[in-house]
Amino acid sequence: MADLATSGPTIAAVARPGASARALRNPGVIAGGVVMVLVVVIGLLAPWLGTIDPTAINPAARNRVPGAEYTMRTDSGERIKMIARFGTDSLGRDIYSRVVYGARISLLVGVVVALISIVTGLFIGLMAGFFRWLDAVIMRIMDGLMAIPAILLAIAMVSLFRAGVFAVIAAIAVPEIPRVVRLVRSIVLSVRVEPYVEAAVTLGTPTAKLLWRHVLPNTIAPLIVQGTFTCASAILVEAILSFLGIGVPPEVPTWGNIMAEGRQVFSLYPHNIIYPGIMLAATILAVNVLGDGLRDTLDPKMAKRV
Amino acid sequence: MSTPVLEISNLSVAIHGGGDRAHAVKGIELSVGANEIVCVVGESGSGKSVTAQSVMGLLPKGLMSVESGSIRLQGEELIGKGDAALRAIRGQRMSMVFQEPMTALNPVERVGNQIAEVLEVHTDLDARGRRARVLEIMRSVHLPDPEHMIDAYPHQLSGGQRQRIMIAAALVLDPALLIADEPTTALDVTTQAQILSLIREMQVRKKTGVLFITHDFGVVSDIADRVVVMQLGRIVEQGPREEVLRRPREPYTKMLMASVPSMTPPTRVPATGAVTLEARNLFKTYGRRSFWQPKARVTNAVNDVTLEVRRGETLGIVGESGSGKSTVARCVARLVDPTAGTIAIEGRDIATLSESQVRPLRRRVQIVFQDPYRSLNPRRTVGEAIIEGPMNYGLSREAALRRARQLMMTVHLTPDALERYPHQFSGGQRQRICIARALAMEPVLLIGDEPVSALDVSVQAQVLKLLDEVRRTFDLAVLFITHDLRIAAQVCDRLAVMQRGVIVEQGATADVFANPQHPYTRALFEAAPGRHQEFGSGR
């Protein structure tokens, strides 16, 4: 019989299009990505977008409606005419500037929370999935963490530590970790019985290398997807915490703080809430649409399950 | 001659959206008469299942569609019929039995209701009448105690019983045509024999035409009236069973039949080399009764197994699913920890060593797994897979790669395969890569855990030949796990037959085949499909 090398089926020359190439063709990824890039650019370029100091109080120009003109004094004492594009709040601060600078805090919170929860959750999840004796202990702790309502835990943590952006980040990240741990653990449990992982065991591959080479790559696509959803929910929870007055200090411009400020005068001056609300909704929608698109392209199995 | 039950003429099915060929099947001409079993036999990708799906109108939508040709059921054209018209025909005049009875049945519905559903859709019977008919058909497919089983859920039945339920549901309305798509492939050999005889019995009793799809020539020789051989979407040869099996005309049919291993073991010289593997009183128990769980279920997967393999010798472990043969292999490779017993590799016991103690010794025992599509990490090149092991033991990357290139030649692949990814190779080629990966470790014992079971019969023969070559070249001891007696006959020097965790019989292959001692061994031989037909004459 002829050798397989010559008579067997020919080796496929064309590789399938890569997952990243497919992702970049997905309409959700494109639309969500464009909006996200826009928000990031706004946040980064905040000082150059015609803004003034977002914390500057101007008692003479309180509660101006959008488009109204008012005068303000600069530090050097000159009087200049300003147009309040989005109006001013009850302390006379420029809402446009506050909304633009607020993008920074929201993105910072979203991205850092996603990174922290994913890195920690990945490590703990790998341990729980691979070392059976650790599994019961870790998962009971995670079950415990999941039993605490996220916002309640955040309130407790913020009241324990001094209120500030990083206390808020920690408070939001901790309840997100168990979700990531569960996801990673379930992937590890299914991958560790794959024959190629068992083959690596018989090849004498040390455990750390085994996890890094053969197990970890399987978690990346689902984690990218999970990360976007975590990011969206973190931005939202930060706004909720700020709105409740237990998040970032009130003078710091965040979308939640702006809305909290405007709450008392909402019926008279709705612009206090509308503009930050639009930004918040648009950002979260964009992140979620991006996440959905990534899930469909990077992780088709998960898309079917949901 | 009356009109055939099924008549397919000039059927072509197009595949949309690329792939390696434009047509799944092309120019198919075949017919099934009443009271006749026609076997369609071919390797994977031959288009045999697509043919069945086109008849049932179940082609995957958007991926394939009938391009031309006609399919007539009792003279009535099916192509061009709407979904509603086809639904009325399916179940009533033609029905289908699938390969995997667990997934084909709804797990949350009582099996009796699943049979009754067919009656509910197609007849006016009331609930009581339906129940009576269901009981009647369940009795006729020889299900034990139908009055109880009618209310059982699929998971409460065995694989064979589930397949009987499927057959009962398919035949309850006395269809003219039954399509069976590999209905026994997922079953054990003894169960397979029972299902085959059931299909034969039902077909004779009801004068049904059966289109039976299989890859197994043994099954063909047991059940077929006529045989259709398919390759790459075309019919190569068809004719009455005796004619095709005894005097195949086409070279492809001859090659396929020559690739089926013969049931007659060749004469072998007993190996006299040093003992490489010596396992004594091996136990593997799952579940443990403790103070907290006094009623925990305890399963003896491996129960007091003792065996040895010498240098240059192949010991086969044969048995049905759940017999514990794979667990023995995994204990020896220390992928699972044995509960008790000793496993000596070249005299050193590894059964109770800790993971860190056993790691330096792992290179001496290597294993080739069943599923070639899952045994290689899809994200790493073939080269990286092969050098991973030697580099774990301190070989430099350059030296490991040099060795990998030589090994590629040993397994008859070209060295440039090292830079490619696993998905660019066929199943047989991947299994060669897995063998090369094992050989790179310079093992003394090679374990094959059903290494050819997922491969087509012609590829199977090539991989078995390669395994034999490397055993000779490297003077390896081989532990060969298989459920296929034909392969065992050709490959193994000695055989151990396992049943429910116990080795019931052990001896030289020729002796076991010529004179099986244990009733279970005899039952296995009795059930082997096509045992009266001599294959492998071309070897």
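Quick note: the coordinates plus some simple rules give every number you see, no bench work behind them. Keep in mind that this is a model prediction, so the values were computed, not measured. Note: ideal-geometry Cβ built from the backbone for every residue, glycine included; neighbour counts use all protein chains shown.
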Subject >> Spatial separation of Cα centroids for the stretch B:416-490 and the stretch B:70-91, in angstrom >> reply: 46 Å
Original post:
So what is the relative contact order of chain B, in percent, for Cα pairs below 8 Å that sit 6 or more residues apart?
Top reply: 16 percent
Original post:
Want the number for residue B:358 to residue B:405: 0.36 nm per residue separation, take away the alpha-carbon distance, what's left?
Top reply: 14.1 nm
Subject >> Residues B:478, A:287, sorted so that the one with the fewest Cβ neighbours within 10 Å comes first >> reply: B:478, A:287
Original post:
Just the Cα atoms of the protein assembly as shown, one point each, no solvent: what log10 I(q)/I(0) does Debye give at q = 0.07, 0.08, 0.11 Å⁻¹?
Top reply: -0.73, -0.89, -1.32
**OP:** State the antiparallel share, in %, of DSSP beta bridges confined to the stretch B:279-527, rounding to the nearest 5.
**Re:** 45 percent
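Can you list which of the trypsin sites (Lys or Arg not before Pro) found in the stretch B:383-466 are DSSP loop residues with at most 14 other C-beta atoms within 10 Å? Kindly include the intermediate steps, with their values, before the conclusion.
On the way: sites: B:397, B:402, B:403, B:405, B:420, B:430, B:432, B:437, B:465; in loops: B:420.
Of the trypsin sites (Lys or Arg not before Pro), not one in the loops of the stretch B:383-466 has a Cβ with at most 14 other Cβ atoms within 10 Å.
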**OP:** Could you work out, for the stretch B:279-527, what percent of all Cα-Cα pairs fall into each 5 Å distance bin, beginning at 0 Å and stopping at the bin that holds the largest distance?
**Re:** 1, 6, 13, 16, 18, 16, 13, 8, 5, 2, 1, 0
Subject >> Over chain B: helical MRE at 222 nm, DSSP H runs n ≥ 4 each giving -39500 (n - 2.57), nearest 500 >> reply: -10500 deg cm²/dmol
Original post:
For chain A, what is the mean residue ellipticity at 222 nm derived from helices alone (per DSSP H run of n ≥ 4: -39500 (n - 2.57); sum divided by total residues; nearest 500 deg cm²/dmol)?
Top reply: -21000 deg cm²/dmol
Original post:
Sorted from fewest to most neighbouring beta carbons within 10 Å, what does the list B:520, B:393 look like?
Top reply: B:393, B:520
**OP:** Let me know the volume per residue of the alpha-carbon convex hull for the stretch A:99-305, in Å³.
**Re:** 131 Å³
Subject >> Shape category assigned to the stretch B:255-366 from the gyration tensor of Cα positions, a/c cut at 1.5 >> reply: oblate
Subject >> Fraction of beta bridges assigned by DSSP in chain B that are antiparallel (%, nearest 5) >> reply: 50 percent
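How high is the FRET efficiency from residue B:9 to residue B:255, r the C-beta distance, R0 30 Å, rounded to 0.05? Mind dumping the intermediate values first?
Details: r = 28 Å, r/R0 = 0.92.
Using R0 = 30 Å, I get an efficiency of 0.60.
Near residue A:246, within a Cβ-to-Cβ distance under 13 Å, what is the net charge of the other residues, with Lys and Arg +1 and Asp and Glu -1?
Details: positive: A:162; negative: A:238.
Residues near residue A:246 contribute 0 overall.
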**OP:** Distance between Cα centroids, the stretch A:38-64 to the stretch A:146-186: provide it in whole Å.
**Re:** 30 Å
Subject >> Principal axis box of chain B, alpha-carbon based, largest edge first, Å >> reply: 72, 59, 44
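At a Förster radius of 45 Å, what calculated FRET efficiency corresponds to the Cβ-Cβ distance of residue B:145 and residue B:275, to the nearest 0.05? Please report the intermediate quantities before stating the final value.
Details: r = 50 Å, r/R0 = 1.11.
For residue B:145 and residue B:275, the calculated efficiency is 0.35.
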**OP:** Take every DSSP beta bridge whose two residues both sit in the protein assembly as shown, then give the antiparallel share in percent to the nearest 5.
**Re:** 55 percent
Subject >> Cα-Cα pairs of the stretch B:122-228 separated by more than 18 Å (percent) >> reply: 50 percent
**OP:** Give me the distance between the Cα centres of the stretch A:195-227 and the stretch A:245-275, rounded to whole Å.
**Re:** 47 Å
Subject >> On Cα atoms only, tilt of A:132-147 relative to the major axis of chain A in degrees >> reply: 20 degrees
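Not counting the cut sites, what is the longest span of chain A without trypsin sites (Lys or Arg not before Pro) that DSSP labels loop and that have at most 13 other Cβ atoms within 10 Å?
Details: sites that count: A:25, A:162, A:263.
Between exposed loop sites, the widest span is A:26-161.
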Subject >> Where labels lie 7 Å past Cα in the beta-carbon direction, separation of residue B:289 and residue B:153 in nm >> reply: 2.8 nm
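Round to the nearest 0.05 the FRET efficiency obtained for residue B:262 and residue A:24 when R0 = 56 Å and r is the Cβ-Cβ distance. Working shown, then result.
Values: r = 55 Å, r/R0 = 0.99.
That pair, residue B:262 with residue A:24, gives E of 0.50.
Across the residues of B:373-380, average count of Cβ atoms on other protein chains within 10 Å?
That works out to 6 on average.
How shielded is A:217-226 by partner chains, expressed as the average number of their Cβ atoms within 10 Å of its Cβ atoms? List each step's numbers first, then the result.
Working: counts 4, 3, 0, 1, 0, 0, 0, 0, 0, 0.
What the average comes to for A:217-226 is 1.
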Subject >> Cut-off 18 Å (backbone N to label point 7 Å along Cα→Cβ of residue B:58), residues of the stretch B:182-217 >> reply: B:182-187, B:199, B:209-215
**OP:** Stick to Cα atoms and the Kirkwood definition of Rh, then tell me Rg/Rh for the stretch B:6-259.
**Re:** 0.97
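Give me the net charge of residue B:166's neighbourhood, meaning all other residues with Cβ under 14 Å from the Cβ of residue B:166; Lys, Arg count +1, Asp, Glu -1. Before the final figure, lay out each step's value.
Numbers: positive: B:162, B:164; negative: B:100, B:109, B:117, B:181, B:182.
With Lys, Arg at +1 and Asp, Glu at -1, the neighbours total -3.
Counting Lys +1, Arg +1, Asp -1, Glu -1, what net charge surrounds residue A:207 among other residues with beta carbon under 10 Å of its beta carbon? Don't skip to the end; give the middle numbers.
Details: positive: A:209, B:359; negative: B:355.
My count for the surroundings of residue A:207 gives +1.
Test of the criteria: in the stretch B:345-391, which GluC sites (Glu not before Pro) are in a DSSP loop and have at most 16 other Cβ atoms within 10 angstrom of their Cβ?
When the GluC sites (Glu not before Pro) of the stretch B:345-391 are filtered for loop state and at most 16 Cβ neighbours within 10 Å, B:346 remain.
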Original post:
Given the Cα-Cα distance of residue B:128 and residue B:200 and 0.36 nm per residue of separation, how much length would full extension add, in nm?
Top reply: 23.0 nm
